[in-house]
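The values are calculated or read from the model by the stated rules, or taken from the named source; none is laboratory data. Owing to the predicted nature of the structure, the values given are computational and were not obtained by experimental measurement. A quick note on method: Cβ atoms are made from the backbone with ideal geometry, for glycine too, and the neighbour counts reach across all protein chains shown.
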Amino acid sequence: MTRKRLPYPALHASHSGIWICDTEGRAQAISKGEAIGRVAETPHVFLNAPLVGQRLGYPDLSGLDLLELFAFIHPARFTVPTPAGLAKTLEMELPNDESETAAFYQQAAVRLLAILSDSDWAEREGAWSSAQALHRLRWPWAAEVSRQIEKPVGPERWLFSKLAEWEEMSPRPAPKAVHLEEQETLDQLNALTGTGSEDRKGQKNYAAAVAQIFEPRRIRGAPNMLLAEAGTGIGKTLGYLAPASLWSAKAGGAVWVSTFTKALQRQLDRETRRIYPDESVFREKVVVRKGRENYLCLLNLEDALQGGFAGRAAILAHLVARWAAYSKDGDMVGGDLPGWLTTLFRRNGSTALTDRRGECVYAGCPHYRKCFIEKASRASQQADIVIANHALVMVNAARGREKQSAPTRLIFDEGHHLFDAADSMFAARLSGQEAIEIRRWVIGPESRNRGRRRGLAARLGDVASYDEEGGRAIESARHAAEAFPGDGWLARVNEGEPFGPIEALLGEVRSMVFSRDESNSADAGYGLETELSDVAGPLVEAVASAAESIDALLRPLIQLGQRMEHLIEEGPDWMDAPARARMEGALSSLGWRCDTLSGWLALLSRIGGPADPDFVDWLMVDRFEGREYDIGICRHWLDPTIPVTETVTKPAHGVMITSATLRGGGDWDTARARSGTVHLEHAASEFAVASPFNYPEQAKVIIVTDVKRGDMPGLAGAYAQLIEASGGGTLGLFTAIRRLRAVYARIADRMARSGLPVYAQHVDPIDTGTLVDIFRDDPRASLLGTDALRDGVDVPGNSLRLVVMESVPWPRPDILHRARRLAGGGSAYDDRIIRARLAQAFGRIIRRADDRGHFVILSPAFPSRLFSAFPDGTPIERMSLHQALEEIRSTNPHSGQSGLSRDISFGHETGI
């Protein structure tokens, strides 16, 4: 049944106005108050409820969201969540201006609903059953959807019966020792780049250098190590994939390519298709691996579908189930689940659909043979190219996982982030939030409203029932965990009524942090910290009691682990294959928790004793916008590349660390220190190739000299004028969220009235990846953000032609930085960090040979010594804001255009 119009009005709201189109197709502009009144009474069709609700000042907005309908009809398919993005996906005519957009929403809804009765609809299977379930949950679209879907003749094959099972395979043999000839490496590169492609000498030299890490290792503990800096435009992805794929084919081994950002993982997923163009071969040879917390847990989903979720969260669960049936790999974070889907549900339960607490029951799960996590793990053991991330590589190495298939060849792309990834991975943090997670892992959730109980006894019920010694260990662990912080711990600590020794310790930590605070920020909402030195008597006493409590839990967990290993070895009569597999899997999670508890004990043993020069310890109270959310004690390695070198680098046979900014605008000493190669007995090889771009002609750095530091109106005015001068296409980078929000609040309406939409990280209720997609799709849009947008954002073409930094990105002067600064050379250490950040930010502008752009820094006192952060020959000039605006206008074809343009406002730009 195809309609020309729906019996529902439609609403479009932006910073430039609000429009409603009635059921007869008549559109009109209305006020916020009138719009709120109408949507509260009658369901309206709109696009992206949280964003529209924010524009209206009506956060509880609900109705007929086109994105929810799209997610039902096309699960595992992405569309840019804007009018332009939806129009392009549906191949519809674009509205001429925003006043026609509400009417367009009605037309888009009709087009989407018509797909449901199309015989060629690819995602039909399971839709009818899903629609019936959503109807019972009062999903706003359910009635319209049910009218269009024909009831199937027989039972539908649904999610849990549709998913394929993984198969156990024999271990992969060790790779052969092979030698890669330079010419065969270049031939492989030519095959990947394709006939007629540009001849890049730099890329060929880079590929030849990378091939060296695949030579047979000569000395145990001394891998073939390469530090390689390849400027933007060299084509380093194919440059290292060429020798990597060649070695894998010849040696029969796997190459792990590790990234820091999900954006690069997606890019690698696309690029590796050149190696294996056949889809079935590609799925066998290339696997994307992430931590298990990224994947949908089918048992958690089943719980949610069977009543574990209520209200809007239950609707989300059914839409996720639709997606899971068509997903490539079940990756909920950066995979083929649209990033905007979970944000539509605001306080949603999406995190409860993944295994974030190590509660997996492994072979005890009825969906174990279809588990996305297990499937990815086994696929990676047979794959030729495994695309992972820095954190997963370090976790697997540090915790001894997957030793039977540990990679011997590793490529760390985005290698300038290796230091930070290691800093996070090898840190210890005894805090209230961490302790309550341990308690929940042992005892289970305290709330009775959740579906299944997930305590240790429930996950290892057979051990508790059939093995007396194991049962006693589980019961002892449960009893000990009851002394750990539980729900409401923070309120009890703040009120001076802690429960148990760990909460008492956190209370003493909080008291000492506040008493020693010299920042005058106790009421400003910032997090607080103080060095762990010269501690007072009450804290030392609290430490001793907390250590006893932690040890009381650690001992039975160690005993349980030993008992499980013994049972697996002996194989008693009651242990069937699922029980064995469940215990083998649980041992990994158990080891992780024991490592955490052991780290806490080591941390507490330091208090009151001599300082360990390898570590930095401090006390902290974490706060956000004036609200406390955690209290604890922290320990970080002074140099976190030490554990990386020992656990990851030395055991490997060949390792490359590469980046476009590996030296960060400095020298090789910076790269050696940040990569950990200084800790190797044998020096790493070093290779650098400059970008082929003509920076003197393509880019210019402008230092604006008359925007005063701390002048918020002046800063906001500068951003507004720069965006107008550039006609949009601006990436604004901030060092503080508060200043980002203040600037956005001042300029968003003005920009919208000029036809130049502005989006903002930490403001718009949209995930960062989707914000970048929107920005990339509309050359008149601008995007404001913080660190996540300074690196890893790839927006080639005219959609990004201006980068504006509101100040020099000085490191935050916290305790950890102060210690590293002292050990790393004082101000020279700061300069290395700042140059690296500037180089990464500048790298956003020129992504290909025909790009042009400006890099503007609103900092009158920008030091000349930092100029080396920019590529050689790049023009750098200090000037007033007025002069900068004239400069940008004179070189920008979009400058001075106001209002909406049919060609560009919805992402259709010419010449790109």
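Take the residues of the range 157-184 that are under 25 Å from residue 247 (Cα atoms) and of a type in the set (S, T, N, Q): which is nearest to the chain's Cα centre (by Cα)?
If we filter the range 157-184 for residues that are under 25 Å from residue 247 (Cα atoms), which is where we start, we get 169-184.
After this cut, where a residue has to be of a type in the set (S, T, N, Q) as well, the list is 170, 183.
Numbers: 170: 33, 183: 38 Å.
Out of the qualifying residues, it is 170.
Looking at 718, 736, can you tell me which residue is hydrophobic (A, V, I, L, M, F, W, C) and without any contact (Cβ under 8 Å) to a residue 60 or more places away in the chain?
736
Within the range 86-102, work out how many residues are among the small types (Gly, Ala, Ser) and surrounded by 21 or more Cβ atoms within 10 Å (Cβ to Cβ).
2
From 119, 99, which residue is out of contact with any Ser or Thr (no Cβ under 9 Å at 6 or more places or on another chain) and either basic (Lys, Arg) or in a helix (DSSP H, G or I) (or both)? It would help to see each step written out before you state the result.
Numbers: 119 fails: either basic (Lys, Arg) or in a helix (DSSP H, G or I) (or both).
The conditions single out 99.
Pick out the one residue from 868, 880, 807, 864 that is at pLDDT 90 or above, surrounded by fewer than 20 Cβ atoms within 10 Å (Cβ to Cβ), touching a helix residue (DSSP H, G or I) at 6+ places or on another chain (Cβ under 7 Å) and of a type in the set (Gly, Ala, Ser).
Numbers: 880 fails: touching a helix residue (DSSP H, G or I) at 6+ places or on another chain (Cβ under 7 Å); 807 fails: touching a helix residue (DSSP H, G or I) at 6+ places or on another chain (Cβ under 7 Å); 864 fails: touching a helix residue (DSSP H, G or I) at 6+ places or on another chain (Cβ under 7 Å).
Being at pLDDT 90 or above, surrounded by fewer than 20 Cβ atoms within 10 Å (Cβ to Cβ), touching a helix residue (DSSP H, G or I) at 6+ places or on another chain (Cβ under 7 Å) and of a type in the set (Gly, Ala, Ser) holds for just one of 868, 880, 807, 864, which is 868.
Going residue by residue through the range 504-515, is there one that turns out to be free of Cβ contacts under 8 Å to residues at least 24 places away in the same chain, among the hydrophobic types (A, V, I, L, M, F, W, C) and out of contact with any Gly (no Cβ under 8 Å at 6 or more places or on another chain)?
Checked against the condition, which is being free of Cβ contacts under 8 Å to residues at least 24 places away in the same chain, among the hydrophobic types (A, V, I, L, M, F, W, C) and out of contact with any Gly (no Cβ under 8 Å at 6 or more places or on another chain), the range 504-515 yields no hits at all.
Looking at 663, 593, 635, which is the one that is assigned to a helix (DSSP H, G or I) and either in contact (Cβ under 8 Å) with a residue 12 or more places away in the chain or touching a helix residue (DSSP H, G or I) at 6+ places or on another chain (Cβ under 7 Å) (or both)? Don't jump to the end; show me each part of the working.
Values: 663 fails: assigned to a helix (DSSP H, G or I); 635 fails: assigned to a helix (DSSP H, G or I).
One residue alone meets the criteria, 593.
Restricting to the range 10-33, name every residue that is β-branched (Val, Ile, Thr) and within 17 Å of residue 50 (Cα to Cα).
Initial filter on the range 10-33 (β-branched (Val, Ile, Thr)): 18, 20, 23, 30.
Listed by number, the list holds a single entry, 18.
Scan (1) surrounded by 19 or more Cβ atoms within 10 Å (Cβ to Cβ); (2) closer than 24 Å to residue 326 by Cα; (3) of a type in the set (A, V, I, L, M, F, W, C) for the single condition residue 128 breaks and write down its number.
(1)
Name, by its number, the condition in (1) more than 29 Å from residue 417 (Cβ to Cβ); (2) crowded, with 24+ Cβ neighbours inside 10 Å; (3) among the β-branched types (Val, Ile, Thr) that does not hold for residue 705.
It fails just one condition, (2).
Pairs under 6 Å by beta carbon, first residue under 23 Å from residue 431 (Cβ atoms) in the range 467-496, partner among the charged types (D, E, K, R) and at pLDDT 95 or above, six or more apart or different chains?
Partner pairs satisfying both residue conditions: 485/503; 489/503; 493/503.
Go through 510, 516, 472 for me and flag whichever is surrounded by fewer than 21 Cβ atoms within 10 Å (Cβ to Cβ), modelled with pLDDT of 90 or more and basic (Lys, Arg). Walk me through how you get there before you give the answer.
On the way: 510 fails: surrounded by fewer than 21 Cβ atoms within 10 Å (Cβ to Cβ); 516 fails: modelled with pLDDT of 90 or more.
Exactly one residue qualifies, and that residue is 472.
Those residues that are of a type in the set (S, T, N, Q) and touching a residue at least 40 places away in the same chain (Cβ under 8 Å), I need them from the range 112-142; list them, please.
Of the residues in the range 112-142, the ones of a type in the set (S, T, N, Q) are 117, 119, 129-130, 132.
117, 130 - these are the residues of the range 112-142 that are of a type in the set (S, T, N, Q) and touching a residue at least 40 places away in the same chain (Cβ under 8 Å).
Among (1) part of a helix (DSSP H, G or I); (2) touching a Lys or Arg at 6+ places or on another chain (Cβ under 8 Å), which single condition is residue 314 missing?
(2)
Hey, could you check the range 238-267 for residues that are over 24 Å from the mean Cα position of the chain (by Cα) and not in a helix (DSSP H, G or I) and say which is surrounded by the fewest Cβ atoms within 10 Å (Cβ to Cβ)?
For the range 238-267, the residue satisfying everything is 252.
Give the residue that is surrounded by the fewest Cβ atoms within 10 Å (Cβ to Cβ), with candidates limited to residues of the range 476-496 that are of a type in the set (A, V, I, L, M, F, W, C) and not in a loop (DSSP other than H, G, I, E, B).
Going through the range 476-496, the residues of a type in the set (A, V, I, L, M, F, W, C) turn out to be 477, 480-481, 483-484, 489-491, 493.
With the extra rule that they be not in a loop (DSSP other than H, G, I, E, B), the set shrinks to 477, 480-481, 489-491, 493.
On the way: 477: 26, 480: 20, 481: 24, 489: 23, 490: 20, 491: 10, 493: 25.
Per the criteria, the residue is 491.
Can you tell me how many residues in the range 168-186 are assigned to a loop (DSSP other than H, G, I, E, B) and in contact (Cβ under 8 Å) with a residue 24 or more places away in the chain?
Pass one, the range 168-186, residues assigned to a loop (DSSP other than H, G, I, E, B): 168-181.
Cutting the leftovers down to in contact (Cβ under 8 Å) with a residue 24 or more places away in the chain gives us 168-169, 171-180.
Selection size over the range 168-186: 12.
If you scan the range 460-478, which residues turn out to be under 39 Å from the mean Cα position of the chain (by Cα) and of a type in the set (Asp, Glu)? Working first, answer last.
Applying the first criterion (under 39 Å from the mean Cα position of the chain (by Cα)) to the range 460-478 yields 460-464, 470, 473-478.
Those that are under 39 Å from the mean Cα position of the chain (by Cα) and of a type in the set (Asp, Glu): 462, 475.
Going by the structure shown, is residue 590 surrounded by 21 or more Cβ atoms within 10 Å (Cβ to Cβ), over 36 Å from the mean Cα position of the chain (by Cα) and of a type outside the set (Phe, Trp, Tyr)?
Numbers: surrounded by 21 or more Cβ atoms within 10 Å (Cβ to Cβ): yes; over 36 Å from the mean Cα position of the chain (by Cα): no; of a type outside the set (Phe, Trp, Tyr): yes.
When the stated conditions are applied, residue 590 does not pass them.
What tally of residues in the range 134-167 results from selecting those that are in a loop (DSSP other than H, G, I, E, B) and farther than 29 Å from residue 254 by Cβ?
Step one: filter the range 134-167 for residues in a loop (DSSP other than H, G, I, E, B), giving 137-141, 149-158, 163-167.
Now narrow it down to the ones that are farther than 29 Å from residue 254 by Cβ: 137-141, 149-158.
Within the range 134-167, residues that are in a loop (DSSP other than H, G, I, E, B) and farther than 29 Å from residue 254 by Cβ number 15.
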